[in-house]
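So the structure is just underneath, and the comments pick up after that.
The values are calculated or read from the model by the stated rules, or taken from the named source; none is laboratory data. Values in this document were obtained by computation on a predicted structure and should not be read as measured data. Virtual Cβ from ideal backbone geometry, glycine too; neighbours counted across all protein chains shown. What goes into the accessible areas is simple: the full protein's heavy atoms, side chains included, and nothing from ligands, DNA or RNA. Shrake-Rupley method; radii C 1.70, N 1.55, O 1.52, S 1.80 Å.
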Amino acid sequence: IALVAISLFWVLVRIDEDGGTGLKSWVGILNFVFLELYCFIIIGVRFNFSLASGAIIFISFECALFSDSMVIVQSFFYWSYHVITFFILAVGIGWWREFILRNDFATRETLKLAHASLANQNTVLEKEVERRTQEIIANQDAVILTLASIMETRDNETGNHVRRTQHYIWALAHKLRENPRYSAFLSDVQIEMLFKSAPLHDIGKVGIPDCILRKPGRLDQEEFETMKTHTTLGYKAIETAQIELGRTLDFLLCVQEIALNHHEKWDGS
């Protein structure tokens with residue numbers, strides 16, 4: 001654009017020398033203003049380059065004006081005053097434009113970095129949540145295994161019995177899920193909860209006396225009535241635990257339901 005300006009100003013000087021309307025007129029000023037604005041605004045992405053090019057255009061205009069042998073000193077300063085004014089204005093506009101662009105770019109970069117930082121924090125938080133969740137599940141499983149082991153020490157049959165019960169429940173739940181009546185309830189999460197809760201269905205047996213629990217023969221009527229209380233004993237033990245905890249947990253509610261109702265007959269008794 002600087003080379004275009006030099007060529008244009010040279011042509012306008014020639015027009016002036018031929019008696020036409022060239023550099024020493026508003027035609028020249030308007031061309032100068034257009035070139036400067038084009039330099040600083042339209043193609044002026046970097047202010048230092050725009051300033052250098054704009055200065056060359058300004059100096060070219062002054063040199064072209066000074067080279068005209070017919071121009072008088074008063075006329076030279078008159079036109080120079082106008083081009084200097086427009087040049088300063090163009091420089092100010094160009095600087096302000098780059099200032100705005102730089103601020104906009106800096107803002108976008110800041111937002112980009114903030115977004116990346118938040119994304120990184122979200123990733124860290126997700127990993128931490130996953131770790132804590134796995135830790136809670138592991139603790140829950142450890143409690144179940146511990147309680148199951150305690151029950152096994154009370155009743156030699158209980159250990160194998162709870163394992164069989166777990167797998168029976170798992171198989172039955174998956175088969176029942178094929179029935180539309182139960183498919184919505186028996187999700188993978190619910191079946192997993194049932195599977196893990198199964199070992200605690202006889203947790204109430206820890207409250208049954210050994211003389212009844214380990215009796216090798218058939219229980220009499222009174223002993224049988226005592227044995228049947230292991231369902232309510234288990235239910236109340238889980239209920240007490242939730243009261244002490246101060247909240248209800250889905251897992252404990254499931255254990256509580258199983259402990260109370262796992263001997264329900266087909267007729268509901």
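Figures for the structure shown
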item	result
DSSP H segments from the chain that extend 20 Å or more along their own axis, Cα-based, with Kyte-Doolittle mean of -1.0 or above	2-17, 47-67, 73-154, 158-176, 230-245
Eligible aspartates and glutamates near Lys127 by straight Cα distance, threshold 15 Å, same-chain separation 8 or greater	Glu135
Computed magnitude of the charge dipole of the chain (debye, nearest 20; Cβ of K, R +1, Cβ of D, E -1)	200
Within the accessible area of the chain (1.4 Å probe), percent carbon and sulfur	64
Cβ crowding within 10 Å averaged over residues, with 108-121, 217-230 ranked highest first	217-230, 108-121
Stretch gain in nm, segment Ala114-Glu223, where the contour uses 0.36 nm per residue and the Cα spacing is subtracted	32.2 nm
Simple label model, 7 Å out from Cα along Cβ direction - Lys265 to Leu253, nm	3.0
Structure-derived Cα Rg over 2.2 N^0.38 Å: which label, when the choices are [x] 2.49; [y] 1.06; [z] 0.95	[x]
Partners for Lys24 among aspartates and glutamates (Cα-Cα distance below 16 Å; same-chain residues under 8 apart left out)	Asp16, Glu62, Asp68
Nearest-20 debye value, segment 157-226 charge dipole, Cβ charges on Lys, Arg, Asp, Glu	320
Extension reserve of the Thr123-Ala142 stretch, reckoned as 0.36 nm per residue once the Cα distance is removed	4.0 nm
Solvent-accessible ranking of Ile93, Ile258, largest area first, probe 1.4 Å	Ile93, Ile258
Distance violations [Cα-Cα > 19 Å] among Lys228/Lys265; Lys205/Lys228; Lys196/Lys265	Lys196/Lys265
Dipole of the chain [Lys/Arg +1, Asp/Glu -1 at C-beta], most positive-end residue of Phe66, Trp79, Leu145	Leu145
Set of aspartates and glutamates near Lys236 by C-alpha distance (under 18 Å), chain-local residues within fewer than 8 positions excluded	Asp202, Glu225, Glu244, Asp250, Glu257, Glu264
Heavy-atom accessible area per residue - segment 83-224, 1.4 Å, Å²	71
Contour excess over end-to-end distance, with Cα ends at His174 and Gln190 and 0.36 nm allotted per residue	4.7 nm
Relative intensity, log₁₀ I(q)/I(0), of segment 230-269 from a Debye sum that treats every alpha carbon as a point, q = 0.18, 0.32, 0.35 Å⁻¹	-0.48, -1.03, -1.12
